[in-house]
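**Q** This is the structure, below, for whatever I ask next.
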Amino acid sequence: MNHVDPVEAEKAVKPHRYPTSRTYILVFVALVALTILEVIVALIEGGLKAPLLLGMSAIKALLVILFFMHLKYDSRWFAFIFFAPMALVIPLIWISLIR
Amino acid sequence: MSHQASHNSDGTQVRAFDSSSKLAVILIGAIAAIAGIVMGVANPFLSNAASSQGIMIDTLFSVLLGIATAVFVLVQGFLLYSIVRFSRTPDDESDGMPIRGNTKLEVLWTAIPAIIVVGISIYSYRILVDIDRPQADHIKVDVTGRQFSWEFYYPDYDIKTSELHIPLGRQARLRLTSADVNHAFWVPQMRMKKDAIGGKITETSITGTELGTYPIVCAELCGAGHAVMRSQVVVDSGPDFQNWIQSQIGAKQRGASAAADPVAYGRQLVNQFGCNACHKLADAGAVGAVGPSLDGMGSRAGAAVPGQSAEEYVRNAIVKPGAYIVPNFQPVMPSDYSQRMTDQEVDAMVKYLLGQK
Amino acid sequence: MSEVNSAVPVHEQPIGTTGLDNRKLGIWLFLATEVMLFSALIAGFLDMRSRGPSGANHVLNIPLTAFNTWVLICSSLMVALSVAAIEQGKTKRLRNYLLLTLLFGGTFLSIQIFEYIHLISSGELTPWGSLFGAGFYTVTSVHGLHVFIGLIWCTLTIIWTMQGKFSPKEFMRVEVFGLYWHFVDIVWIILFTIIYLL
Amino acid sequence: MTADAVVGTGLIRHGGRKFSDYFIFNTDHKVIGIQYLVLSFTFFLIGGVLAELIRTQLALPTNQVIVGSRYNLVLTLHGTIMIFLWIIPAFAGLANYVIPLMIGANDMAFPKLNALAFWLLIPGGLLMMASFAVGGAESGWTAYPPLSVTTPLGQTIWAIALQFIGFSTIFGAINFLVTIFNMRVPSMGLTQMPLLAWAVAATSIIIVLGTPVLSGALLMLIMSRVLGAQFFTPAGGGNPLLWQNLFWFYSHPAVYIMILPGFGIISEVLPAFSRKPIFGYKLIAFSSMAIAIFGFLVWAHHMFTSGMDPFLRVPFMITSMIIAVPTGVKIFSWLGTIWGGKLRFTTSMTFALAFISMFVIGGLSGIFLASVPIDIHVQDTYFVVAHLHYVLFGGSVMALFAGVYYWFPKITGRMLDERLGQVHFWLTFLGFNLTFFPQHLAGLQGMPRRVFTYAPEFTALNLMSTLGSFLLAIAILPFLFNALRSLARGKVAGPNPWRAFGLEWTLSSPPPVHNFPTPPVVDGDPYGYGERPIPGPVGTPAGPPAPAPAPSASGGN
């Protein structure tokens, strides 16, 4: 992290590699489809229900982050800033669940 | 780490270590080692522990104190030596040696402390396992903390007291909980502490190694009376402990058959409900100084609050302690005695206190 | 005179030493704090939920909330499209998309308030009545507050649009608002799953 | 004022030109820095009065000055004010003033956000004082429920005040991070940054990741108090330990929020007065970051006796032990810095040396506390009180004073009187040790913390402590007098009174409103003592060191 990747910097200065409206709409369709699927899965009972639901909502969140928030196209710095805290979230949530 | 050539501005070679500083390093190291050993062996900060857990903790403490003293002397020694040795002469405007680091030294003083703390961790872990280990013939005590008193219940004998008795050399397993806010049960001379938290049971154990009476202190801020939330643990010899148990069972049975001897019963209640922790009452051997003295209550209760008879006053003072506060005292008396005591017990207590002329 | 009084230093540049835009770096750091805030709240919620009776969330209206989730996803799409619009210099389209964002966001918040009123007045779920209720209202109300702040921010962005402050070269404020809004959307995606569906 | 009307900014100004500029929403980092420093110092005095009240009560076990819930109120406010309204904002203020100067920036990245962060402290501070007036914040600065749910109204106001202060620090931290990483002059690489910048960056990372967790916990507390939510109440099935986990998840790292900037200041002061480069730059910078990250993995060592899972105590013990290593590395590096130097004992330097000496004691007692079996004995006792004051007073406050004496000439353009400075230092040093050293012993021998009375055998130790605290109270007077007098009549400092490296010393004292007329060029880290000539004032070429205006009478030796 000592020096700035010139390609990285170039990307940040000229943020015109963002996706087109078409991509946005495709992502939107996927989000809606996953939401519907989630509601259906929620109706059934079973051991797989929780991991399935959590997995689907994680995918939805990732879609928004990568495409709507341009993280796929933007500097890696932003991805680092956003995802690094997640490492701390795990012990936090885990600890508060232990009896 | 860049290594700059160690040349002074005038070109003369300078060295970070000349012979006198080498001597100083050896001297400081030696003093640190000796001081560490002396402090570790003498351990002047702690008086003798009164429990087997405490003895183990003290041993660990001594070891840490030795290490800490050595590090302390080392750092202060180098600091003082540098202050004396490297202080600037009045007209010297030149700069010091341009040394930017020394990789070997830096690795060394990262690695050695790391090894030391890992060693301390392992040692601490072993002690922790030992002090937590349950013994087969332990006695059980359920401890309840409440604002601002301790209550001890012996499930094996079905007795409830405000003072903890344990037999010498036998482990007491304490199961703690709280009736209200968080408290912490601490016997400083036994070095053991555990929080008492509502809605859950926490456990700790103490094994008395010396006969005597030791204070129990609340160590978690629990409200206005936190400072005075105290009791005591009495380490009895085996026979004495049995006698005490029998006397408690007897007192309980006498209490159940009500006031055969109202004075003795009152005395017992004063101790059972922990009044003795805060109030002075010669008749019951209570010497508390937090609340007003109960001596001579019978002769002054009538005049304490205008419009209240002596009996009303004493009764209110027990069940509604916040209603009237004796001047110069704090409103710290627990307000739940109306729930914890039966009507019969309150009546007996009032009668007993009014009898104190 | 104006130089002396301007809040912008003489050679300040939004693009800094690392080649990134200050404002974008700032908003991502802010989102990192938001991640931690919601993690703490979710940790509290999960703790409360695991202590209460299972199935405490059965009083919640899933079809209505699924619709509400759709509404919020739509608002996110509108924001994404608004960024695409200003990239091509279409200011009017930018304004319209932002107005739609306002509409969808407002709908979301109205439905949430309606849900609150229903649950509390019927006594089915209250913050004081159960552990699940305590967690539910704390987490969702903080999210709702974020939506509300987003609506104000959106309104400001619309005003800036109409003042002609944005061009294909300079629309960082739209992007920054968009990042915030998408984040609020993500939080809801997670909350919908762990509060309503699980 | 007319110009303000023209740009339509109303009360917003940039730069301090007259006295009243310091009382309005000003966006100049230098003005905001001074605003922070003055405000936090005011709270230092308030917190100090509360401390003296506590010590007066504790002089004798039978004292009746403040007892019961009133005592608890005072100790709660003392802790909260000293942490949240003195140490944290004071460091924020100092960093606000010097960081942009040190990295060659003309201001912080977001000047208006910077001002907002400061002005959020005003409602925060006022609400904090209101909670004191109303009464009720009686559960310690840790505010453990269920007690903190049942205390009177003031506790709610206290929690709301903390929310304001929390927002303030979060905004400040985001600003610092963006400033440090993105506003450096292009010629300054990351390893040419002053170590204070590294320390402030590490601090800001902790704030960004930790403070929101406190906000969340406080929100749950407020919900519990106002709406009757049962988060922490066992009677309703809630979990008192949830608060402790969330609180310490923030508040242990907060300890590093309060000490890392101090580390940074020491790393600036020692080289300047030892006339030597800092020893082990990279290791010091790296250890700051290591502390910031590791600091999040140790929080449960505050809960060893709380009834948390007994086995979980072991990993937390190990992480708590390991975090001592980067701290120790810094101490050794500082010793390496002064070794072989040409030490000048200015007041700033004496505070810095005392910092090393005192912080070592706090660090070593920290090792005791990290060891679970010993912690079982000393948790919640005066040993902890002694430990934390050695870290926060012997550490943070000493460092803060080192920094204030170091940069006062830069900020005001005038020198502080060294003789008064030495009086201030020695009174502080003696008073501090007299106050807090005996508390180690009291704690080990059985005195719990947060009590208004104690067993008679602790009387001697407490009396000593109280006398020490009176000495500490007196110690602040020469400083106040010195600062006020020097503002008006101090010796004119000139751009670089200490002949120090660092971009801030290339500017006039005080620096011009917009700092650097042209972006400065950096040719190495700011510790080139004995290697390169001291850069001359801005606009002049680097030349032989200007003759030093000797740091006044008793400065040298």
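**Q** For segment D:505-519, what does the Karplus curve 6.51 cos²θ - 1.76 cosθ + 1.60, with θ = phi - 60°, yield as ³J(HN,Hα) per residue in whole Hz, taken in order and with x for Gly and Pro?
**A** Going residue by residue, I get 7, 8, 9, 5, 10, x, x, x, 3, 9, 6, 9, x, 10, x Hz, with x marking Gly and Pro.
**Q** R0 = 35 Å: FRET efficiency of residue A:29 with residue C:148, Cβ-based, nearest 0.05?
**A** With a Förster radius of 35 Å, E is 0.80.
**Q** Using only Cα atoms, locate the centre of segment D:8-56 and the centre of segment D:269-314, then give the distance between them in Å, rounded to an integer.
**A** So the two Cα centres are separated by 30 Å.
**Q** For D:101-111, what's the mean count of beta carbons from other chains sitting within 10 Å of each residue's beta carbon?
**A** Whole-number average of other-chain Cβ neighbours for D:101-111 is 3.
**Q** Oh, and also: Please sort by residue number the trypsin sites (Lys or Arg not before Pro) in segment D:260-359 whose DSSP state is loop and whose Cβ has at most 11 other Cβ atoms within 10 Å.
**A** Counting only loop positions with at most 11 other Cβ atoms within 10 Å, none of the trypsin sites (Lys or Arg not before Pro) in segment D:260-359 qualifies.
**Q** Treating the beta-carbon of each Lys and Arg as +1 and of each Asp and Glu as -1, no other charges, what is the dipole magnitude of segment B:157-291 about its Cα centre, to the nearest 20 debye?
**A** In total the dipole reaches around 180 debye.
**Q** When ranked by the protection proxy of mean other Cβ atoms within 10 Å per residue, highest first, what sequence do the peptides D:248-254, B:105-111 form?
**A** Result, highest mean first: D:248-254, B:105-111.
**Q** Multiply the residue gap between residue B:326 and residue B:246 by 0.36 nm, knock off their C-alpha separation, and tell me the result in nm, one decimal place.
**A** Fully extending the segment from residue B:326 to residue B:246 adds 25.0 nm.
**Q** Shifting gears a bit: Can you check what the Kirkwood hydrodynamic radius comes to for segment C:20-197, Cα pairs only, in Å to one decimal?
**A** 17.2
**Q** Taking the Cα centre of chain B as origin, work out the dipole magnitude from +1 charges on Lys and Arg Cβ and -1 charges on Asp and Glu Cβ, in debye rounded to 20.
**A** Dipole of chain B, to the nearest 20 debye: 200 debye.
**Q** What FRET efficiency would be calculated for the residue pair residue B:130, residue A:59, taking the C-beta separation as r and a Förster radius of 45 Å, to the nearest 0.05?
**A** In this case the efficiency is close to 0.35.
**Q** Now for a separate question. Let a ≥ b ≥ c be the square roots of the eigenvalues of the Cα gyration tensor of segment B:169-310; is it rounded (a/c under 1.5), or, if not, prolate (a/b larger than b/c) or oblate?
**A** oblate
**Q** For segment B:19-132, just run the numbers: alpha carbon Rg, then divide by 2.2 N^0.38 Å, N being how many residues it has.
**A** 1.44
**Q** Using only Cα atoms, tell me the angle between helix D:382-391 and the longest principal axis of chain D; keep it within 0 to 90° and round to the nearest 10.
**A** 10
**Q** Is there a simple number for the mean count of other chain Cβ atoms within 10 Å of the Cβ of residues in A:56-65, and what is it?
**A** 5
**Q** Give me the percent relative contact order of chain C, please, defined on Cα pairs under 8 angstrom at least 6 residues apart.
**A** Dividing the mean separation by the residue count of chain C yields 29 percent.
**Q** Counting helices only, and only those DSSP H runs with n ≥ 4, report the 222 nm mean residue ellipticity of chain B as the sum of -39,500 (n - 2.57) divided by its residues, in deg cm²/dmol to the nearest 500.
**A** Dividing the helical sum by the residues of chain B leaves -14500 deg cm²/dmol.
**Q** Which number do you get for Rg(Cα) / (2.2 N^0.38 Å) in segment B:258-354?
**A** Normalised Rg, Cα atoms only: 0.99.
**Q** Applying 1/(1 + (r/R0)^6) with R0 = 22 Å to the Cβ-Cβ distance of residue C:124 and residue C:62, what FRET efficiency is obtained, to the nearest 0.05?
**A** 0.95
**Q** Take each complete run of DSSP H in chain B, measure how far its Cα atoms stretch along the helix's own axis, and keep only those covering 24 Å or more with mean Kyte-Doolittle hydropathy at least -1.0; list them.
**A** Length and hydropathy pass: B:19-42, B:52-85, B:103-132, B:238-256.
**Q** Suppose every Lys and Arg Cβ carries +1 and every Asp and Glu Cβ carries -1, with no other charges. What dipole size does segment B:258-354 come out with about its Cα centre, to the nearest 20 debye?
**A** Dipole size: approximately 220 debye.
**Q** A further question on this structure: Expressed in nm², what is the orientationally averaged projection area of the convex hull enclosing the Cα positions of chain D?
**A** For the Cα atoms of chain D, the hull's average projected area reads 25.2 nm².
**Q** Sticking with this structure for a sec: Explain nothing, just compute: Karplus ³J(HN,Hα) = 6.51 cos²θ - 1.76 cosθ + 1.60, θ = phi - 60°, for every residue of segment D:159-167 in order, whole Hz, x for Gly and Pro.
**A** 5, 5, 4, 5, 4, 4, 5, x, 4
**Q** Moving on to the next point. Quick check on packing: order D:224-236, C:61-73, C:113-125, D:175-187 by the mean number of other C-beta atoms within 10 Å, highest mean leading.
**A** Descending mean neighbour count gives D:175-187, D:224-236, C:61-73, C:113-125.
**Q** If you look for lysine pairs in chain D that are eight or more places apart or on different chains, how many of them have Cα atoms under 25 Å apart?
**A** Taking the Cα cut-off of 25 Å, the pair count is 17.
**Q** Please turn the phi angles of segment D:172-181 into ³J(HN,Hα) values with the Karplus equation 6.51 cos²θ - 1.76 cosθ + 1.60 (θ = phi - 60°), one per residue in order, whole Hz, x for glycine and proline.
**A** Using θ = phi - 60°, the values come out as x, 5, 4, 4, 4, 4, 5, 4, 5, 8 Hz.
**Q** Full-extension gain between residue B:156 and residue B:300, please, as 0.36 nm times their residue separation minus the C-alpha to C-alpha distance.
**A** Full extension from residue B:156 to residue B:300 adds 47.6 nm.
**Q** Also, quick follow-up: Once both labels are modelled 7 Å past Cα along the beta-carbon direction, what's the residue B:122-residue B:336 spacing in nm?
**A** The two pseudo-label positions are separated by 4.7 nm.
**Q** Positive end of the dipole of chain D, charges at C-beta (+1 Lys, Arg; -1 Asp, Glu), about the Cα centre: which of D:355, D:439, D:56 has its Cα farthest in that direction?
**A** Of the listed residues, the answer is D:355.
**Q** Tell me the relative contact order for segment A:6-97 as a rounded percent, counting alpha carbon contacts under 8 Å between residues six or more apart.
**A** 38
**Q** Taking beta carbons within 10 Å but only from partner chains, what does the mean come to for residues B:106-115?
**A** Going residue by residue through B:106-115 and averaging, the value is 5.
**Q** Ranking C:74, B:218, B:278 by Cβ neighbours within 10 Å, fewest first, what do you get?
**A** C:74, B:278, B:218
**Q** Dividing the convex hull volume of the Cα atoms of the protein assembly as shown by its residue count, what figure in Å³ per residue is obtained?
**A** 187
**Q** Roughly how many nanometres apart are two label points built 7 Å out from the Cα toward the Cβ at residue C:141 and residue B:168?
**A** My value for the distance between the label points is 6.1 nm.
**Q** If you don't mind, there's one more thing I want to ask. Express the relative contact order of chain D as a whole percentage, based on alpha carbon pairs under 8 Å and six or more residues apart in sequence.
**A** Value for chain D: 16 percent.
**Q** Would you calculate the separation in nanometres between label points at residue A:86 and residue D:430, each defined as 7 Å from the Cα along the Cα-to-beta-carbon direction?
**A** 5.9
Every number here is computed from the coordinates shown, using simple stated rules; none is lab data. In this text the structure is predicted, and so the values were computed from the model without any measurement. Neighbour counts run over all protein chains shown; Cβ positions are idealised from the backbone, glycine included.
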